[in-house]
2 protein chains.
Amino acid sequence: MATLKQVAAHAEVSVQTVSNALNAPHRLRADTLERVNRSIELLNYRPNRNARSLRTSAVELIGYCVPSWPNQTHLVMDQFLHALCAAAERTGRHILLFTAPGGVDGMPTYDDLHARRMVDGFVLSQTETHDPRHGWLKEQDIPFVSFGRVWKETTQPGPWVDVDGAAGSAMAVRHLYESGRRRIAFLGWPKSSGLGEDRVGGWRDACKDLGLPTSGLTVRCREDSIEEGARATARLLDSGRTVDGIVALSDILALGALRELTRRGLTPGHDVGVTGFDDSPLAEVVSPGLTSLRQPMDQIAEELITILTGSSNGSPVERLLRPELVIRGSSAPG
Amino acid sequence: MATLKQVAAHAEVSVQTVSNALNAPHRLRADTLERVNRSIELLNYRPNRNARSLRTSAVELIGYCVPSWPNQTHLVMDQFLHALCAAAERTGRHILLFTAPGGVDGMPTYDDLHARRMVDGFVLSQTETHDPRHGWLKEQDIPFVSFGRVWKETTQPGPWVDVDGAAGSAMAVRHLYESGRRRIAFLGWPKSSGLGEDRVGGWRDACKDLGLPTSGLTVRCREDSIEEGARATARLLDSGRTVDGIVALSDILALGALRELTRRGLTPGHDVGVTGFDDSPLAEVVSPGLTSLRQPMDQIAEELITILTGSSNGSPVERLLRPELVIRGSSAPG
DNA sequence: CGGATTGTTTTTAACGTTCAAAACGTCCGT
DNA sequence: ACGGACGTTTTGAACGTTAAAAACAATCCG
């Protein structure tokens, strides 16, 4: 493996000149630069990243904690990771994966990775309602950016990127409205979930804007499972109120709704329009295909990396992105 | 951030002694060791990984190429990544993610990561039938281990870990047999797929062992989609032969089978037993739940890391692991 | 008592890179 | 012709760690 020294010897210049050829080529005379570059090419030289990092104390690695999966399978994680990875590489960086316990128990792991100079900073995801990580990292002056808001108070420590759930729900409502639905229900989570309240709020506002009823049309599920989605839908339909549209807070709940509708002999997309959230792989795989709100993963990843690696000029950056409605059979005009 | 030097000064020993306290504590006198450890703790010292790597030329990072997702969503990737990460961490290592074009076009990326000393080696997955990566890496003397066989010839370059598809199919057949099925079909892929031939072989052998018919009971799907699975099932049922069991090569195809059966008024699990492969999140989420063959991810990951980081003592290691049958409603006794 | 043996600690020299400053030319204006 | 200014290249020195060898200390044995 060739080193700077060997390249320098071959090109008959000093080591520093070769270094400059790579990092500040404008400083070299044109002919020197060309000669050095020829040697670099000839010897197939690649800078040793460790030596560089040691000197500059920047490792160009970004830590990402892979969610421990028993809780709930993160159905769009592969999309997110691919996007994040690609975005990082566009800036010459890479993603370092690690595992850590949730909550404060995980903080020593974050601290350690940073203290050992294995990462420059972190991308957080799977943010929870009272996520302690943000405040902790901020306190320790460890760079990070969050995918998802903490939903605790209005001012959240550190920069974040998130998808506008309220806008997403509103888009779903408007789409169902345009295909003729007039009594649109919302399938949600308990009030304790910030994300849930964001999305239900969008549904409520959009319904009011369009002059649609909302009273008695909210059902809350205890957990995010198909079974619970089906049960909640059953409760909704048994309540005696007419329903011709269902905006579900997640794809999983939406699948539950589809199942319950089918079980009762109703045709999703024909009798009742259904939409989900996140456009997980499930959405296009079920029958009928599930209309869902896709998170703009590439843009999210791009923003995360830009914020994390950009100059942290004073005020923390906050970016709210709009999801995209992917229309499939479950919301075909009734 | 404390350094060895500062700890040494504080403990009133030489730098090397502190280094030894961490890397070869048995060399120190007990009281010295304790004194040094106290200083380490007090100053909250963490070794700088870059400096260490520079000196030892081992970065303790393992490269893993995140599959580009448009081809087919890797439904169990999050499980795999979590297991791989955890296994790596048990040996003090971490996973570095990167993206690369498929086939030989991606090789410069692998080479570059290794040449810049950003990774010690690679874990390959998503191995394709004529995957060029294994031979190429072997040729360059870049350490790697493959999750999945190349299916090209009997001797494959480098070590690998894989799941025994034939054994898995056989388990599925035997399970269906035990619940009373006697005409068990196989839903597969084109013959060009090594993985496909492995699994169909297991089905055929198991059927022969049990004295069950196989002729005319194989259907091949052009692609791995629900739609194709459903079409193939339709062809199978239309062929006039009785079928009371279906072993599908993938969960996706199995879902297609479930859909087609339901469409025809047949009850999966009651009229026809169905099994899938890989136990993706889909399997437990559909109704009825899909019986499927779970890959032992933790064990796979453990083996991969052990092989990659262990001493490459001559002959390449090859490990074939048995999947585990997860029984759900789709194969309830008929 | 002296040499060998063993156990513990220190010294010296890297690993491959970049920073900061110094050195070397070359050109210019007065 | 001389001092200054600029453009280009080289010279130390350092980043934080570990390998190898040297130094030192204690113990043992004949």
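The values are calculated or read from the model by the stated rules, or taken from the named source; none is laboratory data. Note that the coordinates shown come from a computational prediction; the quantities given were computed from them, not determined experimentally. FYI the Cβ positions are ideal-geometry reconstructions off the backbone, even for glycines, and counts take in every protein chain you see. Note: accessible area is taken over every heavy atom of the protein model, side chains too, but ligands, DNA and RNA are not part of it. Shrake-Rupley method; radii C 1.70, N 1.55, O 1.52, S 1.80 Å.
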#### Entry: Odd one out for B:Val161, checked against (1) under 22 Å from B:Ser292 (Cα atoms); (2) open to solvent by 10 Å² or more (accessible area, probe 1.4 Å); (3) among the β-branched types (Val, Ile, Thr)
(2)
#### Entry: Candidates A:His134, A:His114, A:His175 - the one that is surrounded by 22 or more Cβ atoms within 10 Å (Cβ to Cβ) and either out of contact with any Lys or Arg (no Cβ under 8 Å at 6 or more places or on another chain) or touching a residue at least 40 places away in the same chain (Cβ under 8 Å) (or both)
A:His114
### Query
Looking at segment B:63-80, is at least one residue within 21 Å of A:Gly92 (Cβ to Cβ), assigned to a strand (DSSP E or B) and among the hydroxyl-bearing types (Ser, Thr, Tyr)?
yes
### Query
Hey, among A:Val76, A:Val119, which residue is within 10 Å of chain B (Cβ to nearest Cβ), touching a residue at least 60 places away in the same chain (Cβ under 8 Å) and more than 18 Å from the chain's Cα centre (by Cα)?
A:Val119
### Summary
Here the residues within segment B:214-259 that are farther than 14 Å from B:Val274 by Cα, touching a residue at least 24 places away in the same chain (Cβ under 8 Å), within 14 Å of chain A (Cβ to nearest Cβ) and charged (D, E, K, R) are B:Asp224, B:Glu227, B:Glu228, B:Arg231
### Task
Tell me which residues, restricted to segment B:21-62, are assigned to a loop (DSSP other than H, G, I, E, B) and more than 28 Å from the chain's Cα centre (by Cα).
B:Ala24, B:Leu28, B:Arg29, B:Asn44, B:Tyr45, B:Arg46, B:Pro47, B:Asn48, B:Ser57
### Query
Do we find that B:Ser53 is in contact with a helix residue (DSSP H, G or I) (Cβ under 7 Å, 6 or more places away or on another chain), within 16 Å of DNA strand D (Cβ to nearest atom) and hydroxyl-bearing (Ser, Thr, Tyr) in this structure?
yes
### Query
Among the candidates B:Ala185, B:Ala172, B:Ala206, which residue alone is under 17 Å from B:Leu321 (Cα atoms) and touching a Leu at 6+ places or on another chain (Cβ under 9 Å)?
B:Ala172
### Query
Which condition does B:Asp105 not pass, out of (1) closer than 22 Å to A:Ala83 by Cβ; (2) within 14 Å of chain A (Cβ to nearest Cβ), if it passes all the others?
(2)
### Query
Within the set of pairs 6+ apart or on separate chains, which have a first residue in segment A:7-32 that is within 18 Å of A:Thr56 (Cβ to Cβ), a second that is open to solvent by 70 Å² or more (accessible area, probe 1.4 Å) and modelled with pLDDT under 95, and C-beta atoms under 8 Å apart?
A:Asn20/A:Arg27
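A quick yes/no check of all residues on (1) more than 8 Å from chain B (Cβ to nearest Cβ); (2) modelled with pLDDT of 95 or more; (3) farther than 25 Å from A:Arg116 by Cα:
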position: A:Val36; (1), (2), (3): yes, yes, yes
position: A:Glu41; (1), (2), (3): yes, yes, yes
position: A:Arg52; (1), (2), (3): yes, yes, no
position: A:Gly63; (1), (2), (3): yes, yes, no
position: A:Ser68; (1), (2), (3): no, no, no
position: A:Ile95; (1), (2), (3): no, yes, no
position: A:Ala100; (1), (2), (3): yes, yes, no
#### Entry: Out of A:Asp31, A:Asp111, A:Asp105, sole residue that is in the same structural domain as A:Leu304 (by TED's automatic domain parsing) and within 16 Å of DNA strand D (Cβ to nearest atom)
A:Asp111
### Message
Being of a type in the set (S, T, N, Q), touching a residue at least 12 places away in the same chain (Cβ under 8 Å), out of contact with any helix residue (DSSP H, G or I) (no Cβ under 6 Å at 6 or more places or on another chain) and open to solvent by less than 60 Å² (accessible area, probe 1.4 Å) is the requirement here; does B:Ser292 meet it?
### Response
no
## Note on the structure
Restricting attention to segment A:3-19, the residues that are over 12 Å from A:Tyr45 (Cα atoms) and within 10 Å of DNA strand D (Cβ to nearest atom) number exactly 7
## Note on the structure
Of the listed residues (A:Tyr45, A:Tyr64), the one being touching a residue at least 40 places away in the same chain (Cβ under 8 Å) and closer than 30 Å to A:Glu128 by Cα is A:Tyr64
### Set A:Val173, A:Val200: member being aliphatic (A, V, I, L, M) and farther than 21 Å from A:Gly289 by Cβ
A:Val200
### Task
Select from segment B:1-17 the residues that are closer than 18 Å to B:Asn50 by Cα and either in contact with a strand residue (DSSP E or B) (Cβ under 7 Å, 6 or more places away or on another chain) or near DNA strand C (Cβ under 8 Å from one of its atoms) (or both) and write down the one among them that is farthest from the other protein chains (Cβ to nearest Cβ).
B:Gln16
#### Entry: Identity of the residue in segment A:24-61, of a type in the set (Lys, Arg) and away from DNA strand C (no atom under 13 Å from the Cβ), that ends up surrounded by the most Cβ atoms within 10 Å (Cβ to Cβ)
A:Arg35
### Message
I'm checking my understanding of the structure. Among residues of segment A:182-213 that are within 20 Å of A:Ala234 (Cβ to Cβ) and open to solvent by 10 Å² or more (accessible area, probe 1.4 Å), which one is farthest from the chain's Cα centre (by Cα)?
### Response
A:Arg183
### Task
Return a yes/no flag: does segment B:69-77 have any residue that is touching a Leu at 6+ places or on another chain (Cβ under 7 Å), within 10 Å of DNA strand C (Cβ to nearest atom) and under 29 Å from B:Gly121 (Cα atoms).
no
### Task
Residue by residue through segment A:240-289, note down the ones that are open to solvent by 20 Å² or more (accessible area, probe 1.4 Å), part of a helix (DSSP H, G or I) and charged (D, E, K, R).
A:Arg259, A:Arg263, A:Glu284
